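Data block below; observations after.
The values are calculated or read from the model by the stated rules, or taken from the named source; none is laboratory data. Keep in mind it's a predicted model, so treat the numbers as computed, not measured. Don't worry about glycine lacking a Cβ; one is built from the backbone with ideal geometry, like all the others, and counts go over all protein chains shown.
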Amino acid sequence: MDGASAGRLYFRIMLPLAQSACLVVFLFSFIWYWNMYYEPSMFLAKGFTPLSIRLDNLESVLNPSLLGNRESVQNPVTEGTKMAAAFLIIFPPMLIFMFLQRWFITGIERTGIVE
């Protein structure tokens, strides 16, 4: 790479080596912001709420008689609908992880992030 410019060195050497680490940072920040509810509720219009808040309010929408009583009887229709809604909320991050799993594991191994 003698005589290569700084841009060529960056795109030919540094970026391929840092690709998996950048992917790990992307996935962690995507999950962090996907689960956020305070900031989106601050910036969204009054009619829009984040998905996590909508899931919490789903029970009162499905069964309006429970508005005053939070200790509800476990209704199988209500529980199944809430579980389906929870699955639909976690489906996009799960789908992204499934497609990028190989590079995510490589990035974790290379960067040395350990629990």
Picked from the range 83-98 (must be over 22 Å from ASN57 (Cα atoms) and loosely packed, with under 14 Cβ neighbours inside 10 Å), the residue farthest from the chain's Cα centre (by Cα) is MET98
Please go through the range 33-60 and give me each residue that is within 15 Å of ILE89 (Cβ to Cβ) and assigned to a helix (DSSP H, G or I), ordered by number. TYR33, TRP34, PRO40, LEU51, SER52, ILE53, ARG54, LEU55, ASP56, ASN57, LEU58, GLU59
Go through LEU66, LEU27 for me and flag whichever is modelled with pLDDT under 80, out of contact with any Pro (no Cβ under 6 Å at 6 or more places or on another chain) and surrounded by 13 or more Cβ atoms within 10 Å (Cβ to Cβ). LEU66
For THR111: the one exception among (1) at pLDDT 70 or above; (2) surrounded by 13 or more Cβ atoms within 10 Å (Cβ to Cβ); (3) closer than 25 Å to LEU17 by Cβ: (1)
Which condition breaks for PHE99 when tested against (1) out of contact with any helix residue (DSSP H, G or I) (no Cβ under 7 Å at 6 or more places or on another chain); (2) modelled with pLDDT under 85? (2)
Among the residues in the range 4-16, are any among the polar types (S, T, N, Q), farther than 18 Å from PHE91 by Cα and out of contact with any Ser or Thr (no Cβ under 9 Å at 6 or more places or on another chain)? yes
Tell me which residues, restricted to the range 17-43, are in contact (Cβ under 8 Å) with a residue 24 or more places away in the chain and more than 16 Å from TRP103 (Cα to Cα). ILE31, TRP34
